[in-house]
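Working notes for the structure below.
The values are calculated or read from the model by the stated rules, or taken from the named source; none is laboratory data. Just so it is clear, the structure is predicted and the values come from calculations on it, not from any experiment. Glycine also receives a Cβ, built like all others from the backbone with ideal geometry; neighbour counts cover every protein chain displayed.
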């Protein structure tokens, strides 16, 4: 692809719970520490730059929290209102 893609570009990839684009666009920060020293945070999902086998939401990697790059981001989640 040569870069990131717009949200909801691949409708066949939507999860049963309605989550879109869970892998392969950018690595996504999590709030989970990778190590006990709290130097690294877990990132998931792979990116357009990496190998295709990294492009799974279950794939776990790590990065320094101050790191920034074109293939590293985060997911904004809004819980639906009850009712």
Worksheet item: Taking region 17-35 as the search range and keeping residues that are more than 13 Å from residue 75 (Cβ to Cβ) and modelled with pLDDT of 90 or more, which one is surrounded by the most Cβ atoms within 10 Å (Cβ to Cβ)?
Response: 34
Worksheet entry | Count of region 24-44 residues which are within 20 Å of residue 4 (Cα to Cα) and in contact with a strand residue (DSSP E or B) (Cβ under 7 Å, 6 or more places away or on another chain) | 7
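For every residue, the table says whether it meets (1) over 11 Å from the mean Cα position of the chain (by Cα); (2) exposed (fewer than 15 other Cβ atoms within 10 Å of the Cβ).
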position: 8; (1), (2): yes, yes
position: 11; (1), (2): yes, yes
position: 37; (1), (2): yes, yes
position: 43; (1), (2): no, no
position: 54; (1), (2): no, no
position: 58; (1), (2): no, yes
position: 72; (1), (2): no, no
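Can you give me the number of residues within region 46-83 that are in contact with a helix residue (DSSP H, G or I) (Cβ under 8 Å, 6 or more places away or on another chain) and within 17 Å of residue 20 (Cα to Cα)?
Within region 46-83, the subset in contact with a helix residue (DSSP H, G or I) (Cβ under 8 Å, 6 or more places away or on another chain) is 46-47, 59, 61.
Filter again for within 17 Å of residue 20 (Cα to Cα), leaving 46-47, 59.
Result for region 46-83: 3.
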Response to the item:
When residue 47 is run through (1) within 15 Å of residue 25 (Cβ to Cβ); (2) out of contact with any strand residue (DSSP E or B) (no Cβ under 6 Å at 6 or more places or on another chain), the failure sits at (2)
Discussion item. Residue 24 - would you say it is assigned to a loop (DSSP other than H, G, I, E, B), without any contact (Cβ under 8 Å) to a residue 60 or more places away in the chain and touching a helix residue (DSSP H, G or I) at 6+ places or on another chain (Cβ under 7 Å)?
Written reply: no
Worksheet item: What are the residues in region 36-54 that are within 13 Å of residue 72 (Cα to Cα) and assigned to a loop (DSSP other than H, G, I, E, B), if any?
Response: 45, 46, 47, 48, 49, 50
